[in-house]
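The values are calculated or read from the model by the stated rules, or taken from the named source; none is laboratory data. Quick caveat, the model's predicted, so the values are computed rather than measured. Counting neighbours? That spans all protein chains shown, and the Cβs are built from the backbone with ideal geometry, glycine included.
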Protein chains: 2
Amino acid sequence: MERTTSRSKIVCCRDLGPTAMALLTEHGNLEVVVWTEDRRCDRGWILENIPGATGLVVSTTEIVNRELVDTAGPNLRVVSTTSIGYEHIDLEVIAARKIQVGYTPDIPTEAVADSAIMLALMATRAAGQSYSLVKNNGWPTLSRSPFALCGPQLSTTPFSPTRTIGFLGFGRIAHAVLTRLAAFGITHCIYTPRPGAAVQTARDAQLKDKHNLQEIASVDLSTLAGRSDVLFILTPGGSATHHLVNSAFLRQMKPTSVLVNNGRGSVVDSIALAQALSEGWIWGAGLDVVEEEGAPGGVTSAHPLVSEPRCVVLPHLGSVALETREEMAWLTARNVLAGVLGEELPVALDYSAIV
Amino acid sequence: MERTTSRSKIVCCRDLGPTAMALLTEHGNLEVVVWTEDRRCDRGWILENIPGATGLVVSTTEIVNRELVDTAGPNLRVVSTTSIGYEHIDLEVIAARKIQVGYTPDIPTEAVADSAIMLALMATRAAGQSYSLVKNNGWPTLSRSPFALCGPQLSTTPFSPTRTIGFLGFGRIAHAVLTRLAAFGITHCIYTPRPGAAVQTARDAQLKDKHNLQEIASVDLSTLAGRSDVLFILTPGGSATHHLVNSAFLRQMKPTSVLVNNGRGSVVDSIALAQALSEGWIWGAGLDVVEEEGAPGGVTSAHPLVSEPRCVVLPHLGSVALETREEMAWLTARNVLAGVLGEELPVALDYSAIV
């Protein structure tokens, strides 16, 4: 029997939900093996099922390395990850074997921007503290003095008519965040592009006009730290951005300022940020990512940022919104299907520029 | 000695902060008595200090009733409250004595709108559950299945291009919320005006145009319940709005919908809402007000809405943002000062229409 007439096998380390899974299971000529439990896929299960597979579906919790690829064998043509990031995939191994990689980079933009606004509001408005206070029976005895639980206000008012928002990294998601912030009356936008990104004067003039800003400017890190009322980190990880936000940076920030990280945990020195919060260098922080999240043991309740009252820590849920996750799942299924059928992937990672 | 040349007394049941207090203390010809502790003002302290006072500064926790006014005596000319609401002031007693009332109705608009957006995001994105999960050491073992902790998305996307937002009450704050939501890509706005409010066709056409909406419409309660993806309650309390959101209303809502209350707790039947959440009639709720907050004992940790996982309850902090509180304090001081000096109050409550 020729290989092309045999049923190609797809191993799904995640259940992509009924709509996306139907695309694979109803194809008719595919063997689809699915990890259906609502927990991380066991490594043993993957290694047991991967031999002979043509397609592999993963999320960020499944490590795609030499061991996995070798165990899969020569049939493996495509790895489809349901994520923006690809740190869990060893691209050198993948490139050497000419395996295609599908991913979902653009889809989560709006969901992540929503999350960034939520974290900015939660951090400025002491939402973590207040939520815990109610849960712990503190509402009936709350002092209600005029300035109790009072943090800086995100929106402008006639009495307080300017706000400066800073972005570390100024790509798609930052632009979606800026669109939302403009409706809160933000007046000044400053940013430090990710390393290597070009300044785009015409685009900036257009954004200034569109959002009725008083200023939009590319600035150095020191200016970004010193002027931002709310600073959004929306830059990729890696060595070029590692600990850009360290003690020296945080000491330049304003005591009324707030830091929001929806980018990568590695950009922020956790220990420095915990000190900045406990000593009042800055007012608060909202974090969807923390550098220790990928380390053995992860981010525990004993982590100094989790125990810091003015720090809201969420477990990397930036893209976790139903409509976005459904679209990510749909694209993930289309990517693996295209790869298995030898067609062009709807959204392929161009790793030639990375490896 | 004539009364006008004696030092008039102002009793402040709340410390309004250095800027606003200076307006009173540096006037030179006033006796200013201040409760400086960071807890609710003792009733005994007020009754002890109020005799002979010309001005009284209160927040919503101080009940201004016949006992207080009688104890104050005939000098009392003005009560200045640092709040939008005036449920704590017995207006019949005040009116009978021709005492002026100063308040701060417009100032918190932007801060409350910020809070409403925060609660809408927190309720849709399971922020309460996620925040607690990290605090309780749940991040390292989080399943990360594609739909774990997934709620409905506030913003639109090309894949999911429409959202219908409902408002119960469509005044200043609702308009400020709508401005923000437009930047999240909201397409349809429906509202039920507060009882007695007129439909304003020209204004609505203007809003539709300004925010690039596909629809804006005044609808009945049943339509409001049935169509809203996110429903914002921004209506005053009182008998006209009591329990407008009850079991019958909640049963008409969509299972993916979310309820946000920044208006008055009495508008929502707490028991019905708790049932709606636990039985999945609606997806989630974000509440800054709860009907039992004014009752003896208040809202405790045992309250069914506080213990409901998909309900975020905050302790009535809608206006608690630094810039807004400073402006409220400033106006409160100016109101009491004007009243004591026999001048027109910057912002007086016209209780002739209410009493």
- [ ] Identify all residues within region B:304-329 that are at the interface with chain A (Cβ under 8 Å from one of its Cβ atoms), over 21 Å from residue A:258 (Cα atoms) and in contact with a Ser or Thr (Cβ under 8 Å, 6 or more places away or on another chain); write none if there are none.
- [x] B:306, B:315, B:327, B:328, B:329
TODO: Return the residue satisfying two criteria in turn: it lies in region A:1-10 and is surrounded by fewer than 16 Cβ atoms within 10 Å (Cβ to Cβ) and within 24 Å of residue A:348 (Cα to Cα), and of such residues it is farthest from the chain's Cα centre (by Cα).
DONE: A:4
TODO: All but one of (1) surrounded by fewer than 24 Cβ atoms within 10 Å (Cβ to Cβ); (2) of a type outside the set (Lys, Arg); (3) closer than 22 Å to residue A:169 by Cα hold for residue A:309, so report the exception by its number.
DONE: (3)
Open item on the list: When you scan region A:180-203, do you find a residue that is of a type in the set (Lys, Arg), surrounded by fewer than 18 Cβ atoms within 10 Å (Cβ to Cβ) and more than 18 Å from the chain's Cα centre (by Cα), even just one?
Closed with: yes
TODO: Output yes when any residue across region B:266-275 is touching a helix residue (DSSP H, G or I) at 6+ places or on another chain (Cβ under 7 Å) and of a type in the set (Ser, Thr, Tyr), and no when none is.
DONE: yes
Task: Number of the condition not met by residue B:134 [criteria: (1) of a type outside the set (D, E, K, R); (2) assigned to a strand (DSSP E or B); (3) closer than 30 Å to residue A:14 by Cα] - done: (2)
TODO: Would you please name the residue that is surrounded by the fewest Cβ atoms within 10 Å (Cβ to Cβ), looking only at residues in region A:56-71 that are within 18 Å of residue A:30 (Cβ to Cβ) and within 12 Å of chain B (Cβ to nearest Cβ)?
DONE: A:58
Open item on the list: When the residues of region B:104-161 are narrowed to those that are crowded, with 23+ Cβ neighbours inside 10 Å and polar (S, T, N, Q), which ends up farthest from residue A:42 (Cα to Cα)?
Closed with: B:104
Open item on the list: Among the residues that make up region B:100-110, is at least one of them in a loop (DSSP other than H, G, I, E, B), aliphatic (A, V, I, L, M) and free of Cβ contacts under 8 Å to residues at least 12 places away in the same chain?
Closed with: no
Task: Segments classed as helices (runs of 4 or more DSSP H), wholly inside region A:148-251, with at least 1 members that are at pLDDT below 95 and not assigned by TED's automatic domain parsing to the domain that holds residue A:88 - done: A:172-182, A:201-210
Open item on the list: I'd like the residue in region B:31-55 that is within 14 Å of another protein chain (Cβ to nearest Cβ) and of a type in the set (A, V, I, L, M, F, W, C) and, out of all such residues, is surrounded by the fewest Cβ atoms within 10 Å (Cβ to Cβ).
Closed with: B:34
Open item on the list: I'm trying to understand the selection: among the residues of region A:107-139, which are more than 17 Å from residue A:180 (Cα to Cα) and at the interface with chain B (Cβ under 7 Å from one of its Cβ atoms)?
Closed with: A:125, A:127, A:128, A:130, A:131, A:133, A:134, A:135, A:136, A:137, A:139
Task: Index of the failed condition, residue A:80 passing every other in (1) away from chain B (no Cβ under 14 Å); (2) at pLDDT 95 or above - done: (1)
Task: Options A:165, A:186: the member that is more than 12 Å from every other protein chain (Cβ to nearest Cβ) and in contact with a His (Cβ under 9 Å, 6 or more places away or on another chain) - done: A:165
- [ ] Could you check how many residues of region A:72-90 are out of contact with any strand residue (DSSP E or B) (no Cβ under 9 Å at 6 or more places or on another chain) and either crowded, with 16+ Cβ neighbours inside 10 Å or at positive phi (or both)?
- [x] 2
Open item on the list: Where the second residue is among the small types (Gly, Ala, Ser) and in a strand (DSSP E or B) and the first is more than 13 Å from residue A:94 (Cβ to Cβ) and lies in region A:51-79, which pairs have Cβ atoms under 8 Å and are six or more apart or on separate chains?
Closed with: A:54/A:8; A:55/A:8; A:55/A:80; A:57/A:80; A:75/A:8
Task: Condition broken by residue A:293, with the remaining ones in (1) farther than 25 Å from residue A:177 by Cα; (2) in a helix (DSSP H, G or I); (3) not assigned by TED's automatic domain parsing to the domain that holds residue A:7 satisfied - done: (1)
- [ ] Evaluate region B:256-276: report whether one residue or more is in a loop (DSSP other than H, G, I, E, B), more than 22 Å from residue B:173 (Cα to Cα) and touching a strand residue (DSSP E or B) at 6+ places or on another chain (Cβ under 6 Å).
- [x] no
TODO: Output the number of residues of region B:23-54 satisfying the condition of being over 20 Å from residue B:341 (Cα atoms) and assigned to a loop (DSSP other than H, G, I, E, B).
DONE: 8
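Results for (1) among the aliphatic types (A, V, I, L, M); (2) within 22 Å of residue B:233 (Cβ to Cβ); (3) in the same structural domain as residue B:234 (by TED's automatic domain parsing), shown as yes or no for each residue.
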{"site": "B:307", "(1), (2), (3)": "no, yes, yes"}
{"site": "B:326", "(1), (2), (3)": "no, no, no"}
{"site": "B:329", "(1), (2), (3)": "yes, no, no"}
{"site": "B:333", "(1), (2), (3)": "yes, no, no"}
{"site": "B:336", "(1), (2), (3)": "yes, no, no"}
{"site": "B:341", "(1), (2), (3)": "yes, no, no"}
{"site": "B:344", "(1), (2), (3)": "no, no, no"}
{"site": "B:349", "(1), (2), (3)": "yes, no, no"}
TODO: Scan region B:11-22 for residues that are touching a residue at least 24 places away in the same chain (Cβ under 8 Å) and either surrounded by fewer than 17 Cβ atoms within 10 Å (Cβ to Cβ) or in a loop (DSSP other than H, G, I, E, B) (or both) and jot them down.
DONE: B:13, B:14, B:16, B:17, B:19
Task: Matching residues, region B:256-303, being within 13 Å of another protein chain (Cβ to nearest Cβ), closer than 29 Å to residue B:155 by Cα and over 21 Å from the mean Cα position of the chain (by Cα) - done: B:256, B:257, B:283
